[in-house]
1. Hey, can you tell me all the residues within the stretch 105-131 that are in contact with a strand residue (DSSP E or B) (Cβ under 9 Å, 6 or more places away or on another chain), hydroxyl-bearing (S, T, Y) and assigned to a helix (DSSP H, G or I)?
2. Listed residues G31, G63, G101; which is on the phi > 0 side of the Ramachandran plot and under 16 Å from the mean Cα position of the chain (by Cα)?
3. Do we have any residue at all in the stretch 132-153 that's assigned to a helix (DSSP H, G or I), of a type in the set (G, A, S) and on the phi < 0 side of the Ramachandran plot?
4. Scanning for something surrounded by 20 or more Cβ atoms within 10 Å (Cβ to Cβ) and in contact with a helix residue (DSSP H, G or I) (Cβ under 6 Å, 6 or more places away or on another chain), does the stretch 17-31 turn up at least one residue?
5. Any residue in the stretch 42-57 that is surrounded by 12 or more Cβ atoms within 10 Å (Cβ to Cβ), over 30 Å from G118 (Cα atoms) and either of a type in the set (F, W, Y) or modelled with pLDDT under 95 (or both)?
6. Just for the stretch 87-99: of the residues that are outside any strand (DSSP E or B) and not hydroxyl-bearing (S, T, Y), which one is modelled with the highest pLDDT?
7. Could you list all residues from the stretch 1-39 that are touching a strand residue (DSSP E or B) at 6+ places or on another chain (Cβ under 8 Å), among the basic types (K, R) and at pLDDT 95 or above?
8. Could you count how many residues in the stretch 96-120 are surrounded by fewer than 14 Cβ atoms within 10 Å (Cβ to Cβ) and either under 17 Å from I56 (Cβ atoms) or touching a residue at least 40 places away in the same chain (Cβ under 8 Å) (or both)?
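The values are calculated or read from the model by the stated rules, or taken from the named source; none is laboratory data. This one's a predicted model, so the numbers in the text were calculated from it and none came from an experiment. So basically every Cβ, Gly included, is an ideal-geometry build from the backbone, and we count neighbours across all protein chains shown.
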Amino acid sequence: MAINMDDNKVFVRPANESDQDAVFKLMADLGYPDLSQARFAETYDRVLKHPAMRVILAEDETGEIVGMASVTIRPQLRLISGLVTIDELVVARDSRGRGVGRALLDHVKAIAVDASAGRLELETNRARESYRREFYIKNGFAEANSAVMRIDYDVR
């Protein structure tokens, strides 16, 4: 799928094994610069092979990977339908503000429709630039009145 991006085009496509290094770099742009590359490689492979997950990439006209989204598709009892969750969404720092994020979101929305999902959701940090700019609100999302509860385990 090609989308115009400030007189350029961005192409959205599924990720593959050879994209691992570019995705690793994007994770640093998302705010995770200290990830173990070996552990990342193992997890990346597992994500690509997982039947409920998709990783999509945005490329510019030169073939450079400038954005990435990972999503999970699963049935949800309380929705009595499917739920699509955006697990990560990142645009390379020098490509922000050029429509790359919107192109990725549009592709994810299409995945949700194709999956007959009753909901598309994501979790973000209120300190992120995208939250402060209301990027998700401008793209049709509404902030839910909920709290994220978690337990973190040290698996590094």
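1. Passing the criteria: only S130.
2. So the residue among G31, G63, G101 that is on the phi > 0 side of the Ramachandran plot and under 16 Å from the mean Cα position of the chain (by Cα) is G31.
3. No, that holds for no residue.
4. Looking only at the stretch 17-31, we keep the residues that are surrounded by 20 or more Cβ atoms within 10 Å (Cβ to Cβ), and these are 23, 26.
Next, only the ones that are in contact with a helix residue (DSSP H, G or I) (Cβ under 6 Å, 6 or more places away or on another chain) stay: none.
Checking the stretch 17-31: not a single residue is surrounded by 20 or more Cβ atoms within 10 Å (Cβ to Cβ) and in contact with a helix residue (DSSP H, G or I) (Cβ under 6 Å, 6 or more places away or on another chain).
5. no
6. Initially, the stretch 87-99 is screened for residues outside any strand (DSSP E or B), giving 92-99.
Still in the list and also not hydroxyl-bearing (S, T, Y): 92-94, 96-99.
Numbers: A92: 96, R93: 93, D94: 93, R96: 92, G97: 89, R98: 91, G99: 93.
Taking the candidates together, the pick is A92.
7. Of everything in the stretch 1-39, just one residue is touching a strand residue (DSSP E or B) at 6+ places or on another chain (Cβ under 8 Å), among the basic types (K, R) and at pLDDT 95 or above, namely R13.
8. First, pick out the residues of the stretch 96-120 that are surrounded by fewer than 14 Cβ atoms within 10 Å (Cβ to Cβ): 97, 110, 113-114, 116.
Those left that are additionally either under 17 Å from I56 (Cβ atoms) or touching a residue at least 40 places away in the same chain (Cβ under 8 Å) (or both): 110, 113-114.
Residues flagged as surrounded by fewer than 14 Cβ atoms within 10 Å (Cβ to Cβ) and either under 17 Å from I56 (Cβ atoms) or touching a residue at least 40 places away in the same chain (Cβ under 8 Å) (or both) within the stretch 96-120 amount to 3.
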